[in-house]
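Here is the structure we will look at, set down as structure tokens.
Quick note: the coordinates plus some simple rules give every number you see, no bench work behind them. The shown structure was predicted, so the numbers you read here are calculated from the model rather than taken from an experiment. Quick reminder, even Gly has a Cβ in these numbers, built from the backbone with ideal geometry, and neighbours come from all protein chains shown.
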Amino acid sequence: MSNKNHSGDSAQLSLFDILGLAGNIDSKYSSDEIEEVIGKLLAAKRTAEKHEENERRRREKEELERKAREEKEKKEAHIREVTCMDLPLDWENAFNQDVRTQGIHADSISDGLIFSLSNLGRVDIEYISSITGEDYKTIIGVLKGSIYQNPETWGECFYKGWETSEEYLSGNMMRKWKAAKEADKEYDGYFADNVKAIEKVLPPTVATKDIYVTLGSPWVPTDIIDDFIEHLLGDWRRYWYSIDNEEDFNTKHDELTGTWEIPFKSRYNHDVKVTRTYGTDRINALYILERTLNMKSVAVTDEVVCNTNSSGKKRVINQSETILAIEKQNKMIKAFQKWIWDDERRKERLEIIFENNFSCVRRRIFDGSFLRFPDMSPAIKLYSYQKDAVARILFTPNTLLAHDVGAGKTYVMIAAAMEMRRMGLSEKNMFVVPNDIVGQWKNIFYAMYPSANILCVEPKSFTPSKRESLLERIRDEDFDGIIIAYSCFERIPLSKEYYRNRLVYEQELIAEIAGKKNKATSRLKKKQEAVSKALSELAVAMDDLYNGVYFDDLGITRLFVDEAHNFKNVPIETKADKVLGISASGSKKCKDMMNKVHMVQKKNDGAGVVFATGTPITNSITDAFIMQMYLQSGELAMLDLQNFDSWIGMFAERSTEFEIDVDTSSYRLATRFSKFHNLPELTSLLSSIADFHQVDTLAGIPQIDGYTDALISKTNDFADYLKDISQRAENVRKGYVSRKDDNMLKITTDGRKAALDLRLVDPSAMFTYQSKVARCVENVADIYFKTTACKSAQIIFCDTSTPKTGFNIYDEVKTMLQSKGVPSDKIAFIHDARTEAQRNTMFAQVRKGDIRVLLGSTFKLGLGVNIQDKLIALHHIDVPWRPADMTQREGRILRQGNTNSKVQIFRYITEGSFDAYSWQLLETKQRFITGLLSGSLTERSGKDIEDTVLDYAEVKALAVGNPLVKERVKTANELSRYLTLQRKLVDSRIHMEKELLEMPGKISNQENNIAQCEADIAFYNGWKQENPEPVDSKVKKEATEKRKHLREYIHSSLIGYVLEPKEKALTTYRGFEIILPANMTREKPYIWLKRNGRYYVELGDTNTGNLIRIDNFLDDLQKHFDKLKNGFAKLQEREYQLKEELKKHESFSDEIEECRKKLEILNKKLGVDKT
């Protein structure tokens, strides 16, 4: 056989031939032929393997596609199932057998929503269905626009997670928009209405020029700080020969402590920019930058000899070097604020961060008009603003009840607590109140709820021997309210277990943050060590010190704190040193309150606390942070503002300078918050907790037609003193006098004293009738004798010169009043009441009119004193220092319970003095606080409220009688008026927009009702034609007998169907189904008539007239139709009116801007800056 033939044969060999060939291979084939066969076999193998691989891939692809199709079909089926709004045929509404629906019937779905809010404190579709008889799908359709389903809480159940539009369309709208967009995409457009509604109300983006950013703003990413360092100082790498890891040089920032840390602060060696341009030889630029980021003051110190120290040395501030370092710090801040917005990509990135966290918050308007307060005494009627406040407490986790002094906050808290008890939102309510008003609280509580089960805890009942049994009662018994005095509350300890759990939680949180390299600051590590140490110490602490009931054992679910401003002195952890008014230690009682507040919140998912105070912000805007620590700590943490340093980095601008120490007459380095910024974002954040209300006559407050200003002409002696004041200010300014000897604080104080009475600054001055005291005495005596019959009382406030040996205003007023015929026993000084019993006796005498003129200071008489009953006039004989002082003073007379319908408030103003200007400053600051708390502040920046010392330019302008001062006061008042009008306008638009959103659902529901009623009228008219009244007497008698049996059947069935959980179709009458309702009470029997529409027919107690009532309703169906048509027309008209009104775009912004510009010009002309 030739090679050719062999080759040709081998190409045709089958697998079996090849196997056979292998047995004779030695004798028949050459090695080349075998090699050729092997090659072809290998090629065939590769082809087979490739074919098998392709086949495997094809099968895998088909399998994946099949699974993907199945998954998609499964998902689509699941989406259809959860969004179709269909219920199983055997579905049972849980509320049909719930006591909360017994005896409750709602005529309409809208009424059902009100009942749901009023009885459950939430939107509950099942509850509304149970009391209206409507199906879930219809209810949701009708309420569309009034309610929205929250994609974060619905749990894929079409009737769960519904919220009112006010609740859903408020808060952080960007966060909600993202959640709605994601859910809408996942559930094929199910949440499209949510997305549209949110987009319609999203707050406008804040322009970068309006965003305050500084070194230390907590929302600025650390890599931007690193970029700024290189921009400012150049590339640091040129100073390093080798770098193991560049990340080691990156700036760190941990949000828990708010600490910024710049590693390798000497990385630039002695570069000129580091030691000259932005630093000094004593402190380089990166050290200054790190201190600036951490809100620390920049101070350079020297070591000096000190014999009183054990070391023999101490460090003192080098004034000249420190001033230079502060100048470099300010230069660096300005450079940063200019640089940060230069790059478009960086600018866009920061805008998004700011918007997502801060500028997208929408204020919620609360409407409590739906509240019915079924358990409250009919004699008590709450005002609308009080109902709104109750609604806020019901619907928000924590509340700051910041109503004006005298506005009835006690009534709001009691009503809210009892409503939460009734709704099942709170099991045990505790009210923490000042010691001296426990009895007053008790009386108001019983007046509102006579059958309430109340426990009052006062010092006399909380003695050591009684304490344990009383705490056991609180723990074990079911009280509607526990009213406890401050001092008793402080004596209830928290358990060791509470502190241990808190420390463990803190330890875990720190560990989580410390595990991230860019956040592991040295301060965080120190805090971690401190927490571990505290845990160790707690573990070995003695357990036998107390073995009774702890506060956390009491089961408190709602904590109400009255006069909460008394608890603002909390310890504040901060790196910002030398800040006046900030305490690192705080007080024991305030720290205890903070711990107990957080304990209650921890056990109630972050909720459960109400703080009430008429003056939440008194000393500084930083008071707002303290209130947020109590009531908004979770929200602050989400925004990385949970520590004071981060908060001031976001909202405050610091200024550090040397000033005279009043106590030691030496210089000190003092840091103040010169301005506050990003105020609309701060007020939006506060608006989620703060409920603000200014008193007005509609709320039972006496009428006041503005202030009665008594202007006292300046005497020649006072004019001379003003010249002296002016010269002193000039000397201080030019440095002719040491600030130890004279300064602007002393000048301001002396100016105030001189305006009150020149004898307070010059003992040789003579009495003159041209004085505040004389004018005040004239007014007081005049009112005293005019109101003798009704025994009206008056208050005189004076803080400047209180009773003491020698000349003082109090004794001067009393002496002069006596000379005018006012009996001595009708005049009293609050300072004479030195004990609580004496104070209570004095106050009772004022309330009765036995004491008719009471003099006091703001501190002793202005806080928490209820003597308003007969007060007819209040006299500010001097100007209070702070807006809170003014509020507290006037809250004594402008208060519910004052029997006078109209009162007067006098302000005594000495011409040419600081008085008028000081009053205007107070009003400006109070307006600022009002805007901040009410959520209506539009100014992006403002000065702090604690700034009460007049500067040089102000003193000079006032002393020389500059007419521009009067013009400034007038312009500031105009601005105040326009700002108030703008706030009212914005609130009105929010209400109208809400109503307009609800209109489509209401109109659609009315159209359906009209169509159904029209069809039922046509049917009923046809039925009457087919069934005329019988004429034949026999037929008539049979018909009468049938009607008798029917009405008896209906009546007996109705009586036997009281409080049944389900509806029941009873019979058919004249083509309409008669349905017995669910949860009907015996006192109010009714039925449903149903054909196309569904109609409520109220029946009587006996069977006689019930069938006639049904006949009359059917015969008058046309009237019902006409009412529906009329209602439809009104809805359309209302919708048109709302749209037209919203088209107007009314605004007072032009007037506001004009006033602001005018004020700015006047300030420049006067040389002042008091915005």
Can you spot the lysines whose alpha carbon is less than 26 Å from LYS442's alpha carbon? Ignore those fewer than 8 places along the same chain. LYS381, LYS387, LYS409, LYS428, LYS460, LYS466, LYS568, LYS589, LYS596, LYS848, LYS860, LYS870
Amide H contacts under 5 Å for LEU1066, placed H, 5+ residues apart: ILE1074, ILE1075, LEU1076
Going down the list LYS137/LYS185; LYS209/LYS347; LYS328/LYS517; LYS1084/LYS1130, which pairs span over 20 Å between their C-alpha atoms? LYS137/LYS185; LYS328/LYS517; LYS1084/LYS1130
Formal net charge of residues neighbouring SER461 (Cβ-Cβ distance under 14 Å; K, R +1; D, E -1): +3
Between region 837-888 and region 500-526, how many Å separate their Cα centres? 51 Å
Each label sits 7 Å from Cα toward the beta-carbon; between ARG175 and ARG56 the label points are separated, in nm, by 5.1 nm
Dipole of the chain (Lys/Arg Cβ +1, Asp/Glu Cβ -1, origin at the Cα centre): which of GLY735, LEU42, SER901 lies farthest to the positive side? GLY735
Going 7 Å from the Cα of THR277 in the Cα-to-Cβ direction, what parts of region 233-255 have a backbone nitrogen less than 13 Å from that spot? 233-236
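Would you mind working out the magnitude of the charge dipole of the chain relative to its Cα centre, with +1 at each Lys and Arg C-beta and -1 at each Asp and Glu C-beta, to the nearest 20 Debye? Mind showing how you got there, number by number?
Details: 172 positive and 179 negative charges, 697 e Å.
Charge dipole of the chain: 3340 debye, to the nearest 20.
How high is the relative contact order of region 94-201, in percent, counting Cα pairs under 8 Å that sit 6 or more residues apart?
Relative contact order comes out at 18 percent.
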Rounded to the nearest 0.05, what FRET efficiency do GLU92 and GLU995 give with R0 = 41 Å and r taken as the Cβ-Cβ distance? Could you check? 0.70
Counting only the backbone N, which residues of region 228-255 are under 13 Å from the spot 7 Å out from the Cα of LYS517 toward its beta-carbon? 244-252
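Give me MET766, MET420 ranked fewest to most by other Cβ atoms within 10 Å of their Cβ, as a rough exposure proxy. Could you put the intermediate results ahead of the total?
Numbers: MET766 9, MET420 20.
The order, fewest Cβ neighbours first, is MET766, MET420.
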About its Cα centre, region 94-201 carries a charge dipole, from +1 on Lys and Arg Cβ atoms and -1 on Asp and Glu Cβ atoms, whose size in debye to the nearest 20 is 340 debye
Tell me, in nm to one decimal, what length is gained between ILE1055 and ARG491 on full extension, where the rule is 0.36 nm per residue of separation less the Cα-Cα distance? 197.3 nm
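Could you work out the helix-only [θ] at 222 nm for the chain, with each DSSP H run of four or more residues adding -39,500 (n - 2.57) and the total divided by the number of residues, to the nearest 500 deg cm²/dmol? Mind showing how you got there, number by number?
Details: 40 runs with 578 residues, N = 1171.
Value at 222 nm, helices only, nearest 500: -16000 deg cm²/dmol.
Taking the beta-carbon count within 10 Å as an exposure proxy, list MET295, MET332, MET999 from fewest neighbours to most. The partial results should precede the final answer.
Details: MET295 25, MET332 21, MET999 18.
Taking fewest neighbouring Cβ atoms as first place, the list is MET999, MET332, MET295.
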Out of ILE1003, ASN1103, PRO1028, whose Cα points farthest toward the positive end of the dipole of region 992-1143 (charges: +1 Lys, Arg; -1 Asp, Glu; placed on Cβ)? ASN1103
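With r defined as the distance between the Cβ atoms of THR83 and VAL504 and R0 fixed at 41 Å, what FRET efficiency is calculated, to the nearest 0.05? Don't skip to the answer; put the middle values down first.
Details: r = 43 Å, r/R0 = 1.04.
With a Förster radius of 41 Å, E is 0.45.
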Two-site label geometry, VAL986 and GLU537: point separation in nm, points 7 Å out along Cα→Cβ: 4.7 nm
Return the subset of LYS331/LYS519; LYS252/LYS575; LYS714/LYS772; LYS791/LYS826 for which the Cα-Cα distance in this structure is over 19 Å, preserving the input order. LYS331/LYS519
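Using the Cβ atoms and a cut-off under 10 Å, what net charge is assigned to the surroundings of MET599, where Lys and Arg are +1 and Asp and Glu are -1?
On the way: positive: ARG502, LYS596, LYS602, LYS603; negative: ASP552.
Charge balance near MET599 sits at +3.
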Nothing charged except the Cβ atoms of Lys and Arg (+1) and of Asp and Glu (-1): what's the magnitude of the dipole of region 210-343 about its Cα centre? Round to the nearest 20 debye. 840 debye
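What does the extension gain come out to for ARG1082 and THR47, with contour length at 0.36 nm per residue minus their alpha carbon separation? Show your work: numbers first, answer last.
Details: separation 1035, 0.36 × 1035 = 372.60 nm, distance 8.92 nm.
Separation in residues times 0.36 nm, less the Cα-Cα distance, equals 363.7 nm.
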Could you give the distance between the Cα centres of region 338-357 and region 40-114, to the whole Å? 42 Å
How high is the relative contact order of the chain, given as a whole-number percent (alpha carbon pairs under 8 Å, six or more residues apart)? 11 percent
In nm, what is the difference between 0.36 nm times the number of residues separating LYS860 and ASN731 and their Cα-Cα distance? 42.7 nm
Per DSSP, the loop-located GluC sites (Glu not before Pro) within region 1051-1141 having at most 10 other beta carbons within 10 Å are GLU1083
Roughly what would the spin-label model give for THR835 and ASN1112, points 7 Å off Cα along C-beta, in nm? 7.1 nm
Which Cα, out of GLY439, LEU470, LEU455, lies furthest along the positive dipole direction of the chain (beta carbon charges, K/R +1, D/E -1)? GLY439
Give the calculated FRET efficiency between LYS1143 and ASN1027 to the nearest 0.05, with a Förster radius of 41 Å applied to their Cβ-Cβ distance. 0.15
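All other residues with a Cβ under 11 Å from the Cβ of ALA325 taken together, and with Lys, Arg as +1 and Asp, Glu as -1, what is their net charge?
On the way: positive: ARG282, ARG291, LYS328, LYS331; negative: ASP281, GLU321, GLU327.
So the surrounding residues net to +1.
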Matching label, Cα extents along the principal axes in Å computed from the structure shown, candidates [x] 158, 71, 57; [y] 144, 78, 73; [z] 145, 120, 69: [z]
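If neighbour count is taken as other Cβ atoms inside 10 Å, put HIS105, HIS875, HIS270, HIS1145 in order from fewest to most. List each step's numbers first, then the result.
Details: HIS105 21, HIS875 28, HIS270 12, HIS1145 6.
Result, fewest neighbours first: HIS1145, HIS270, HIS105, HIS875.
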